[in-house]
Amino acid sequence: MKIITYPEDILKQSCDPVTKFDQEFQDFVAELESFMRSQPGGIGIAAPQVGRMQRLCIVDLTGMTRGKKKKPVPNQGRLILVNPEITKWEGFELGREGCMSVPDYTGNVIRATRIELTAFDEFGNSHNYESEGYEARAIQHEADHLDGLLFLDRLVSRKTDLFKRKQK
Amino acid sequence: MRQWYMIALVGKDRAGIVAQITEALLGAGATLGETSMMRLGCNFTIMMMVGMDGDESKLCRVVEPVAKQLDLHFHVDEIEPGLHQHQTPDLRITVYGADRPGIVAQVTSVLAESEVNITDLDSQVGGDQEKPIYILMIEALSDRDVEEIEDALNRSTDGVNFRIEEIDTLIG
Ligand SMILES: [Zn+2]
């Protein structure tokens, strides 16, 4: 497995829904997950980032910390998200993002603070999830990949600051 | 051989500066690296990395006629390009206060003493003419704790408000 990087076209294409939850698919999920864990950061990946144009992404913020104090990031562990649909967005916050598919660039992106979503697991069971904060940001970033959207499509100015926005 | 230069251009702001300069460079076979172009007061300022086959004098001959026509001063230096090695800042520092001499010097001295490495800084003068205010936005890298930097700023600056936020970068 290898990370596909922009400007490769397929990163800007929409992915197909997963319809077969068979052994081959489950093996792919397992392979994608261990590949994700081998990458620096390694907290999220979407299938199109390795060239498989299916609606599958994986997010796992276990062990992830924020800031210099290494504060743990609230999370619900390993999330295998197949055909994910975000059904509710609440609040918004500014945060810095980068992407394994866009090396050597980071930028500010506004994401919903809290989301609700439905997704299947790798066995075809449907689940409802609620997520917030950093994990919700990771889910939104990965789910975007399935629609051919990169964080580059959502960049806001480096000088954008919620502090300024709130003054308005 | 491709050589890299930093060109600085400054002049009174008017429409079309960026387009005319960059078209002249393109026409001479030059390529752009990273650039920063902004209006400061009523001036337009450009700093840009330009890659070109040829020496400094060749580049100057390309820029000079356009700069003259647009009434811009310019300066060219040969540089190392150093592309593809961005440092990701982990701090955002916002400072503001009543404008007075020395805000930037004071704040950045404290930051330097606290081993804060500035990757990006811009400042603006706002407020009204009688009571101007000064606003600084800084992005930086540091191994120090935020509290330590805050303490240092508290000790050595007065009359300014500041806020330090950590920037966490999510790589997904
Ligand atoms: Zn990504």
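Condition first: in contact with a Gly (Cβ under 9 Å, 6 or more places away or on another chain), over 14 Å from residue A:93 (Cα atoms) and not aliphatic (A, V, I, L, M). Now tell me which residues in region A:110-143 satisfy that.
A:142 - this is the single residue of region A:110-143 that is in contact with a Gly (Cβ under 9 Å, 6 or more places away or on another chain), over 14 Å from residue A:93 (Cα atoms) and not aliphatic (A, V, I, L, M).
Could you tell me which numbered condition residue A:133 fails, if it satisfies all but one of (1) small (Gly, Ala, Ser); (2) within 14 Å of chain B (Cβ to nearest Cβ); (3) crowded, with 20+ Cβ neighbours inside 10 Å; (4) in contact with a Pro (Cβ under 9 Å, 6 or more places away or on another chain)?
Among (1) small (Gly, Ala, Ser); (2) within 14 Å of chain B (Cβ to nearest Cβ); (3) crowded, with 20+ Cβ neighbours inside 10 Å; (4) in contact with a Pro (Cβ under 9 Å, 6 or more places away or on another chain), residue A:133 violates only (3).
Keeping to region A:141-158, report how many residues are within 9 Å of chain B (Cβ to nearest Cβ) and more than 9 Å from the ligand (Cβ to nearest atom).
Final tally of qualifying residues: 1.
Read through the list (1) at the interface with chain B (Cβ under 9 Å from one of its Cβ atoms); (2) of a type in the set (A, V, I, L, M); (3) away from the ligand (no atom under 16 Å from the Cβ); (4) out of contact with any helix residue (DSSP H, G or I) (no Cβ under 8 Å at 6 or more places or on another chain), then give the number of the only condition that residue A:119 fails.
Failing condition for residue A:119: (1).
Could you tell me how many of the residues in region A:7-30 are part of a strand (DSSP E or B) and touching a residue at least 60 places away in the same chain (Cβ under 8 Å)?
Selection size over region A:7-30: 0.
Pull up region A:44-90, narrow it to residues that are without any contact (Cβ under 8 Å) to a residue 24 or more places away in the chain and either assigned to a strand (DSSP E or B) or under 14 Å from residue A:144 (Cα atoms) (or both), then point me to the one that is nearest to the ligand (Cβ to nearest atom).
Going through the qualifying residues, I end up with A:65.
Going by the conditions given, is residue A:94 within 14 Å of chain B (Cβ to nearest Cβ) and either assigned to a loop (DSSP other than H, G, I, E, B) or more than 16 Å from the ligand (Cβ to nearest atom) (or both)? Steps first, answer last, please.
Numbers: within 14 Å of chain B (Cβ to nearest Cβ): yes; either assigned to a loop (DSSP other than H, G, I, E, B) or more than 16 Å from the ligand (Cβ to nearest atom) (or both): yes.
When the stated conditions are applied, residue A:94 passes them.
Residues of region A:97-116 being within 12 Å of another protein chain (Cβ to nearest Cβ) and not hydroxyl-bearing (Ser, Thr, Tyr), which ones?
Residues satisfying the conditions are A:97, A:98, A:99, A:100, A:102, A:103, A:104, A:107, A:108, A:109, A:111.
Looking at (1) facing chain B (nearest Cβ under 9 Å); (2) without any contact (Cβ under 8 Å) to a residue 12 or more places away in the chain; (3) small (Gly, Ala, Ser), find the lone condition where residue A:126 falls short.
(1)
Name the single residue, out of those in region B:141-168 being of a type in the set (Ser, Thr, Tyr) and buried (at least 16 other Cβ atoms within 10 Å of the Cβ), that is farthest from residue A:40 (Cα to Cα).
Applying the first criterion (of a type in the set (Ser, Thr, Tyr)) to region B:141-168 yields B:142, B:156-157.
Add one more test, that the residue is buried (at least 16 other Cβ atoms within 10 Å of the Cβ), and what stays is B:142, B:157.
Values: B:142: 20, B:157: 39 Å.
Across region B:141-168, the extreme among qualifying residues is B:157.
Every number here is computed from the coordinates shown, using simple stated rules; none is lab data. Model, not experiment: these values are computed from the prediction. Virtual Cβ from ideal backbone geometry, glycine too; neighbours counted across all protein chains shown.
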